[in-house]
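Report on the structure given below.
None of the figures in this text is laboratory data; all of them are computed from the coordinates on show. On a predicted model such as this, the values are computed, not experimentally measured, just so you know. Backbone-built Cβ (ideal geometry, glycine too); neighbour counts: all protein chains shown.
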Amino acid sequence: MVHTTAPRSGSYTAQVGEPRATDGDSAIVQTFTTSPGSSTLSFWYQIICTGTVEQDWATVILKDNVTGGTETILPKTCTKGEGWKQISITTLTPDRSYTLTLICHDDNSPTRPTVVLYDDIVLG
């Protein structure tokens with residue numbers, strides 16, 4: 001979902017999850033190919049999570065579509081009120097296909113909805 005309230009920069013941010021209880025995983029999945037010379041992926045995220053990491057979480061997984069290997073670049077995380085945080089990885093192989101999966105998990109508790117905002121996803 002595209003979200004216009006409180007992006008980190010610009011006019012929009014990607015929202016995963018809903019401000020109401022949902023059951024299970026919500027995700028945005030994007031496949032991309034790095035350009036020659038690209039080896040870095042960075043992005044910003046903000047989690048609104050009032051449960052615990054055992055109940056609700058955000059996680060980000062990167063799959064190398066050539067080798068089939070996966071890397072969890074944001075381990076299961078549940079925080080609230082910590083603002084925007086940045087993740088950067090420098091292990092991408094130039095000119096290779098990857099799939100990035102941005103996940104929000106909610107355990108369907110009506111008193112603890114979980115939402116994750118992602119912004120400024122950049123390849124370099």
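Couplings for the stretch 97-114, taken from phi via the Karplus curve 6.51 cos²θ - 1.76 cosθ + 1.60 with θ = phi - 60°, read 8, 9, 10, 9, 10, 9, 10, 10, 10, 10, 8, 6, 6, x, 9, 9, x, 10 Hz in order; Gly and Pro are left as x. Unpaired Cys in the chain, meaning no second Cys C-beta under 4.7 Å: Cys104.
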